[in-house]
Amino acid sequence: MCAPIFPFMNFSLLKRLTIILAAACVVIVFPSCATGPAEPPKKATHVLYEWHDDGGPEPVSVKINLTSQKAIVKRGDRQIAWCYVSTGKEGRGTPPGKYYVMEKIADKYSNKYGWVQNDAGEVTNSDAHPGVRVGPGEKYYPAPMPYWQRITGYGIGMHVGNIPTPGQPASHGCIRMPKEFAPLLYEVTKVGTPVTIEYGKSDAPVPAPVNVTVM
């Protein structure tokens, strides 16, 4: 009969030592429970709008601040919403003044601007107009302007549009609004709703109540 390897060690102690050694091997082989490298932290994104209308009876008004590139919406004297906008870039600036909503069309397309696209779906001209010459296999597409609200007789209005850099002008003269915000505004305005466009100090967004839509 072979002599025990650890003649002075009782069975209970040997069992505990075996468990400890096994656990150490697991730690060495599997140093981490992670299945891959840690993901980099996500970049912070802008809050593009807040909406907290209580649906009161007071009339709605809109103010566009060209300096801060923000729209402030009020019901009576109470602010109910704000959003980033993109107004006209240099050379196509949105003119300040006092206006009102003249026309509302939920499914509107521009009669002035659009883009040219080829058969492969590639955009060959991103700043085209209806009379532009197109090559073989190309087609002109008018720019969509959902939830259109005209405020001038010469083609300026509020509508859904891309806001590439919040706080910076980017349009041909219209007031672009976030796609989630524009339909909310469309629902509470009417023909005749006043719209003021001005330069000046930004209005601070009011603290939102509990039932608030934030994007």
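Short version: what are the Cα gyration tensor semi-axes of the stretch 54-189, square root of 5 times each eigenvalue, largest first, in whole Å? All intermediate terms of the calculation are to be shown ahead of the outcome.
Working: eigenvalues 185, 44, 35 Å².
Semi-axis lengths for the stretch 54-189 are 30, 15, 13 Å.
Using a 10 Å cut-off around each Cβ, can you sort Met158, Met102 from fewest to most neighbouring Cβ atoms?
Details: Met158 28, Met102 15.
Least to most surrounded, the residues fall as Met102, Met158.
Find the Cα radius of gyration of the stretch 134-175, compare it with 2.2 N^0.38 Å by division, and give the number to two decimals.
Against the compact-globule rule of thumb, the ratio is 1.46.
Treating the Cα atoms of the stretch 56-106 as identical point scatterers in vacuum, please give the log10 of the normalised Debye intensity I(q)/I(0) at q = 0.25 Å⁻¹, two decimals.
One equal scatterer on each Cα of the stretch 56-106 leads to -1.12.
Taking the beta-carbon count within 10 Å as an exposure proxy, list Val132, Val188, Val62 from fewest neighbours to most.
On the way: Val132 13, Val188 17, Val62 24.
In order of increasing Cβ crowding within 10 Å: Val132, Val188, Val62.
Read the figures in this text as sums done on the coordinates, not as results from a lab. These figures come from a predicted structure and were not determined experimentally. Heads up, the Cβs are rebuilt from the backbone with ideal geometry, glycines too, and the neighbour counts pull from every protein chain shown.
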